[in-house]
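Please read the structure below before turning to the comments.
The values are calculated or read from the model by the stated rules, or taken from the named source; none is laboratory data. Just so it is clear, the structure is predicted and the values come from calculations on it, not from any experiment. FYI the Cβ positions are ideal-geometry reconstructions off the backbone, even for glycines, and counts take in every protein chain you see. Only protein heavy atoms, including side chains, enter the accessible area calculation; ligands, DNA and RNA are left aside. Shrake-Rupley method; radii C 1.70, N 1.55, O 1.52, S 1.80 Å.
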Amino acid sequence: MIIEAGRIWVRLGGVEVLRGVEIRVSQGESVALIGRNGAGKTTLLRTLMGIVRPYRGSVKVKLGNKEFDVTRLKPHKVARLGVGYVPQGRMVFPDLTVEENLEVVYGGKVPSDTLEWIYTVFPELRKLRGRLAGYLSGGEQQMLAVARALVRKPKILLLDEPFEGLAPRAVARLAEALRDIRAEGVGLLVTEPGSVKRVQGVAEAAYGIDRGEIVYRGPLEGILSDPVARKRIWGFE
Ligand SMILES: Nc1ncnc2c1ncn2[C@@H]1O[C@H](COP(=O)(O)OP(=O)(O)O)[C@@H](O)[C@H]1O
Ligand SMILES: [Mg+2]
C-alpha cells in the first residue's frame, strides 16, 4: 500500500496552512515529518486521513492495482483501507480499562490473534489490561493510544508527535515498539517538532516542513546538514 499527497493546498479559517505539499509513504517504510509547532504537521496527517479536504491537489491510496481518492472518502473508509491514525495528545478514555479502550475503538471484542499481536508488541499493556486508562503513566497511555490504532491491523500508521511529553525511558521504549510494528511490514509516518534524535531509532527517511511547505526530503541523517532545512526548521545556518 502507498499513501500519497500530490501538491495539496489546504486553507483553514482563511489561512493557507498547506501549500503544494507532496509526500509519499509506502508500506514497510518509516518516515519522519519534522517541523516546528504551527508548521502544518497535524493538518497534513488529518488531510491524509480524509478529515480535512484540500482545495487543490489530491490524496491517493494505492492498494495493489487499485487506486482510491481519499479526498472523496470519509475518514472511517480511509481507516478501513488500512490507514491507522494516532492523533496528537494520546486521547484515551480515562474511565475505561485498557482492554475496554481497545474494544470501544474496534466496536466489539478484538479478535484474539490481533489482541495477541498487540500484547506481544506491548507486554506492559497485557499486565495492565484491567486497569483504568486514567491511572496509566504517560508512556503507558501513549502505548495504549498506539495499540488502539493497531486493532484494525493497519498497513500504514500515521503518528502525530507520539514522543511528546514522554520521559527519555518512555521515548526509548516506544521507539522500540514502533520498530517491532514496522518489522511486521507496517509503514510509519511519525511527526516530530524538532528533535532528529528522538526519531532516529524509528525512521530512516524524513520530510521537513515549514509554514506549510515541504523544505526537505531525503535520508533522516541528511536533514541536519541541509542548509535550507536548517534555516527554516531550526533557524540557524
Ligand atoms: N481550524 C483552524 N483554523 C485556522 N487555522 C488553523 C486551524 N487549524 C490549524 N490552523 C493553523 O494552521 C497552522 C498549522 O497548524 P498544525 O497543522 O496544527 O501545525 P503543527 O501540527 O505542525 O503544529 C497553524 O498556524 C495553525 O494556527
Ligand atoms: Mg500538531
Residues of the range 10-25 satisfying the condition of being open to solvent by 10 Å² or more (accessible area, probe 1.4 Å), touching a residue at least 12 places away in the same chain (Cβ under 8 Å) and of a type in the set (A, V, I, L, M, F, W, C): LEU12, VAL17
Residue pairs, Cβ under 8 Å, 6 or more apart or interchain, first in the range 74-85 and free of Cβ contacts under 8 Å to residues at least 60 places away in the same chain, second crowded, with 19+ Cβ neighbours inside 10 Å and part of a loop (DSSP other than H, G, I, E, B). List them. LYS74/GLY50; PRO75/MET49; PRO75/GLY50; LYS77/GLY50; VAL78/MET49; VAL78/GLY50
Looking only at residues in the range 29-78 that are assigned to a helix (DSSP H, G or I) and open to solvent by 60 Å² or more (accessible area, probe 1.4 Å), which one is nearest to ligand 1 (Cβ to nearest atom)? ARG46
Kindly establish whether GLU67 is out of contact with any strand residue (DSSP E or B) (no Cβ under 9 Å at 6 or more places or on another chain) and modelled with pLDDT of 95 or more. no
With GLY108, GLY89, GLY130 as the choices, which residue is open to solvent by 10 Å² or more (accessible area, probe 1.4 Å), part of a loop (DSSP other than H, G, I, E, B) and within 16 Å of ligand 1 (Cβ to nearest atom)? GLY89
What single numbered condition from (1) in a strand (DSSP E or B); (2) within 17 Å of the chain's Cα centre (by Cα); (3) within 13 Å of ligand 1 (Cβ to nearest atom) fails to hold for ILE8? (2)
